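J.: Please find one structure pasted underneath; my questions will follow.
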Amino acid sequence: MTDSASTSVNGVGVAQRIRATPERLFRAWTDPAELAQWWRMDGPGWTFAGASVDLRVGGEYRLAMTAPDGKTHVAFGVYREIDPPRRLAFTWDWEDPAQRVGNTLVVVEIRRVSAETSEIILTHTGFAANGPATGHESGWRQLLTLLDRTTTTEELA
């Protein structure tokens, strides 16, 4: 649907309207079976590689995707805030030492826009440098596009 993004030295913000209810979108972020439908980059050869979710404040998660070259990229962190279906906050880093971004925080806010549409506002803050922030902005935009495609296809089916 519509989307926007912004980048600063300390973080990024991405927003997108998606034709789905807040409850449906919250489930998509927190249920491993749902994550399997959209958690990867948008391009040929990218695949979902697994998710573990301990959905409680202080609980840990791991989200993995495999690149076309066969390398698996694993993000991990701890849930800091869980307010279904409105808000989810979690720490974020990569298992691969070459990809580490340090102590960053992702906040996903889900707002109902109409009976059939919601807006996701995602902020990712705490980056030490702009380079990783810019790369993450692109990744989040791709993920939200895939989420939109997944939920819209399901809603229309």
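Read the figures in this text as sums done on the coordinates, not as results from a lab. Predicted model, so just to flag it, every value in this text is computed and none were measured. Cβ placement follows ideal geometry from the backbone for every residue including glycine, while neighbour counts extend to all protein chains displayed.
J.: Enter the angle in degrees (range 0 to 90, nearest 10) between the Cα long axis of helix 130-156 and the first principal axis of the Cα atoms of the chain, meaning the one along which they spread out most.
T.: Tilt relative to the chain: about 30 degrees.
J.: For a bin width of 10 Å, list the pair-distance distribution of segment 1-96 built from all Cα-Cα distances, rounded to whole %.
T.: 14, 40, 40, 5
J.: Also: For segment 46-127, which semi-axes, largest first and in whole Å, follow from the square roots of 5 times the eigenvalues of its Cα gyration tensor? Mind dumping the intermediate values first?
T.: Values: eigenvalues 119, 52, 32 Å².
Taking √(5λ) for each eigenvalue gives 24, 16, 13 Å, largest first.
J.: Restricting to DSSP H runs of at least four residues, report the calculated mean residue ellipticity at 222 nm for the chain, -39500 (n - 2.57) per run over all residues, nearest 500 deg cm²/dmol.
T.: -8000 deg cm²/dmol
J.: Hey, another quick one. Charges at C-beta only: +1 for Lys and Arg, -1 for Asp and Glu. How large is the resulting dipole of the chain about its Cα centre, in Debye rounded to 20? If you can, show how the numbers build up before the last one.
T.: Numbers: 16 positive and 20 negative charges, 33 e Å.
Using only the charged Cβ atoms, the result is roughly 160 debye.
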